[in-house]
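As structure tokens, the structure follows; a few thoughts come after it.
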Amino acid sequence: MSSTYRRYELLLPLRFNDGQAVPEDLIADTLLEIRQQFGAVSSETQIIRGIWQHEGALYRDDLTRIFVDVNDTVESQTFFRELKERLKARFHQLDIWITSHPIDVL
């Protein structure tokens, strides 16, 4: 394979900051949006627990991980930068953690 690939990983909350459960359709909409853009997406069913601090307040998160391997292009990076802003509004979050790293597909 001659293309360069990048894996994008998103941690999405399963609970809003007030403790209410995030409706499953918000996660499903996010999966669909990524699949429509790139043709594939994967997610995990396990709960990832996070603890973080912001402006003196301690937050505990229940999260799910979504990931997708895509061509490493400026267009892909732009998509995820714009998606991050939509997700912050969709999930009522101060931030949405999205990371990426180059991968070799064997």
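Details
- In the condition set (1) surrounded by fewer than 16 Cβ atoms within 10 Å (Cβ to Cβ); (2) assigned to a strand (DSSP E or B); (3) at pLDDT 95 or above, V70 is compliant with all but (1).
- Of all the residues in segment 1-22, those that are surrounded by 10 or more Cβ atoms within 10 Å (Cβ to Cβ) and either among the β-branched types (V, I, T) or out of contact with any strand residue (DSSP E or B) (no Cβ under 8 Å at 6 or more places or on another chain) (or both) number 3.
- Options T78, T64: the member that is in contact with a strand residue (DSSP E or B) (Cβ under 6 Å, 6 or more places away or on another chain) and either in a helix (DSSP H, G or I) or surrounded by 14 or more Cβ atoms within 10 Å (Cβ to Cβ) (or both): T64
- Test: residue in segment 23-38 that is outside any strand (DSSP E or B), surrounded by 11 or more Cβ atoms within 10 Å (Cβ to Cβ) and either of a type in the set (G, A, S) or at pLDDT below 95 (or both): yes
- Of all residues in segment 90-106, those that are in contact (Cβ under 8 Å) with a residue 24 or more places away in the chain have Cβ atoms under 6 Å from Cβ atoms of residues that are part of a loop (DSSP other than H, G, I, E, B) and surrounded by fewer than 17 Cβ atoms within 10 Å (Cβ to Cβ), 6 or more apart or on another chain, in H92/F16; V105/M1.
The values are calculated or read from the model by the stated rules, or taken from the named source; none is laboratory data. Bear in mind that the values here come from a model prediction, so they are computed numbers and not experimental data. We place every Cβ from the backbone using ideal geometry, glycine too, and count neighbours over all the protein chains shown.
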